[in-house]
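Scroll down for the structure; my scribbles are underneath it.
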Amino acid sequence: MEKYNKLVRDKIPEFLDGKNVPYEKRIASDEEYKIELIKKLDEEAKEFSAEGEPEELADVIEVVEALKKLPEYAEVENLRREKLKKKGGFGDKIILKGEK
């Protein structure tokens, strides 16, 4: 049996209950929640990078949306807009080649 100890979506316990899968559940502290969200972002980004599937991108976005609700990231949307205004986005598909 596979062992795990990670942040999961809110309805996963219900899903496991329906399949009679045993598990232990606890609620993360605010500090642990932030750490676990960052780990989850890495996990989901790697899955999206490997597979490129829309479902995986949706998972990345869901984690980002959860992070944006944390007080320390409350201004991230404003920062994103500022960077877009100053440096642009990625719509022009520009690839640079050079040396650092």
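The values are calculated or read from the model by the stated rules, or taken from the named source; none is laboratory data. Keep in mind that this is a model prediction, so the values were computed, not measured. Note that each Cβ is placed from the backbone with ideal geometry, even for glycine, and that neighbours are counted across all protein chains shown.
The table below gives the values:
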| quantity | calculated |
| --- | --- |
| Tally of residues being assigned to a loop (DSSP other than H, G, I, E, B) and either loosely packed, with under 10 Cβ neighbours inside 10 Å or touching a Cys at 6+ places or on another chain (Cβ under 7 Å) (or both) across region 39-56 | 1 |
| Number of the exception - ASP59 against (1) touching a helix residue (DSSP H, G or I) at 6+ places or on another chain (Cβ under 6 Å); (2) in a loop (DSSP other than H, G, I, E, B) | (2) |
| Single condition ASP59 does not satisfy, out of (1) in contact (Cβ under 8 Å) with a residue 24 or more places away in the chain; (2) surrounded by 13 or more Cβ atoms within 10 Å (Cβ to Cβ); (3) not aromatic (Phe, Trp, Tyr) | (1) |
| Test: residue in region 4-15 that is in contact with an Asp or Glu (Cβ under 6 Å, 6 or more places away or on another chain), assigned to a loop (DSSP other than H, G, I, E, B), surrounded by 10 or more Cβ atoms within 10 Å (Cβ to Cβ) and not charged (D, E, K, R) | yes |
| Residues located in region 8-45, provided they are within 16 Å of GLU62 (Cα to Cα) and of a type in the set (Phe, Trp, Tyr) | TYR33 |
| Conditions (1) at pLDDT 95 or above; (2) within 17 Å of VAL8 (Cα to Cα); number of the one not met by PRO22 | (1) |
